[in-house]
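Trainee: Before I ask anything, here is the structure I am working with.
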Amino acid sequence: MRKSAGITKSKPEQRAAKEEPAMRVPAPGEGKRGENGYLGYLLRQAHAAVRLKMERTLVDLGVTSPQFAVLTMLNAYPGLSGADVARLTFLTPQTVGVIIRNLERDGAIVMTRHPIHGRIQQWTLTPRGNTLVKACRGRVIELEKRLASGLDAKAEASIRRWLAGIAADLQDEA
């Protein structure tokens, strides 16, 4: 006597045969990952895509996206403390501590003591750090141009104002 096909299948195979086909995950721009998605999710999705592209753009320079953020803030605001850098880059103080140690070890930044509050460490870029941030910035500018492609100056200014306004508005509530 011959067994039917259903009898010879293992339990997981039998369950899989009865289940519905797996749901296809929508690609960016589709379904809730598109124009009908929640704004917060869409902002996070866009941020993740930009960060991944930035990581790939900077990898051969040996710079990560968080390191670039630290270098950028120290370039814009020399003499920041580690705590200030953490607040400006949206990174934890522990993460910034590791990044600062690595950048200092690599000769990209240097520490000086605050003239009045000697326990506060202030960080500034070295000439090597300036060269590194310029090389990174050149590549990131190309990415930003890609982000703004298709926008006229007025639309880009409006989006920048909207994004900055969100941060300022929600920060006031914290």
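Coordinate-derived values only; no laboratory data. As the structure is a prediction and not an experimental result, all values here were calculated from the model. Don't worry about glycine lacking a Cβ; one is built from the backbone with ideal geometry, like all the others, and counts go over all protein chains shown.
Trainee: Counting only residues 5 or more places away or on other chains, whose amide H sits under 5 Å from the amide H of Thr124 once H atoms are built in the peptide plane?
Mentor: Sorted by chain and number, the residues that satisfy this are Gly79, Val110, Thr112.
Trainee: Rounding to the nearest 10 and keeping the result within 0 to 90°, find how far the Cα-based axis of helix 153-173 lies from the longest principal axis of the chain.
Mentor: Once rounded, the angle reads 90 degrees.
Trainee: With a 10 Å Cβ neighbour count serving as the proxy for reagent exposure, in which order, fewest first, do Val133, Val110 appear?
Mentor: Final ranking by Cβ density, sparse to dense: Val110, Val133.
Trainee: Can you count the Lys pairs in the chain with C-alpha separation below 27 Å, eight or more apart or on different chains?
Mentor: So the count works out to 10.
Trainee: Ok, one more. Any idea what angle helix 93-105 forms with the longest principal axis of the chain, computed on alpha-carbon atoms, 0 to 90 degrees, nearest 10?
Mentor: 60 degrees
Trainee: For the chain, modelled as a Gaussian network with Cα springs under 10 Å, which listed residue fluctuates most, Leu103, Leu151, Leu91?
Mentor: Highest fluctuation of the listed residues: Leu151.
Trainee: Order the peptides 137-146, 67-76 from the highest to the lowest mean number of other Cβ atoms within 10 Å of their residues.
Mentor: Answer by packing, highest mean first, reads 67-76, 137-146.
Trainee: If I take every Cα pair under 8 Å that is 6 or more residues apart in the chain, average their sequence separation and divide by the length, what percent do I get for the relative contact order?
Mentor: On the way: 120 pairs, mean separation 26.8, N = 174.
Computed value for the chain: 15 percent relative contact order.
Trainee: Please express the shape of the chain as an equivalent ellipsoid: the semi-axes are the square roots of 5 times the eigenvalues of the C-alpha gyration tensor, given largest first in whole angstrom.
Mentor: 46, 24, 17
Trainee: Listing Ser65, Ser149 from the residue with the fewest other Cβ atoms within 10 Å to the one with the most, what is the order? If you can, show how the numbers build up before the last one.
Mentor: Numbers: Ser65 18, Ser149 7.
Lowest to highest Cβ neighbour count: Ser149, Ser65.
Trainee: With the Cα gyration tensor of region 61-119 in hand, give its eigenvalues times 5 under a square root as the equivalent ellipsoid semi-axes, listed largest first in whole angstrom.
Mentor: 18, 13, 11
Trainee: Sticking with this structure for a sec: Of all the C-alpha pairs in region 104-174, what % are more than 13 Å from each other?
Mentor: Value for region 104-174: 77 percent of Cα pairs lie more than 13 Å apart.
Trainee: Cut-off is 10 Å between beta-carbons; in what order do Trp162, Trp123 appear when sorted fewest neighbours first?
Mentor: On the way: Trp162 9, Trp123 25.
The fewest-first ordering by Cβ neighbours comes to Trp162, Trp123.
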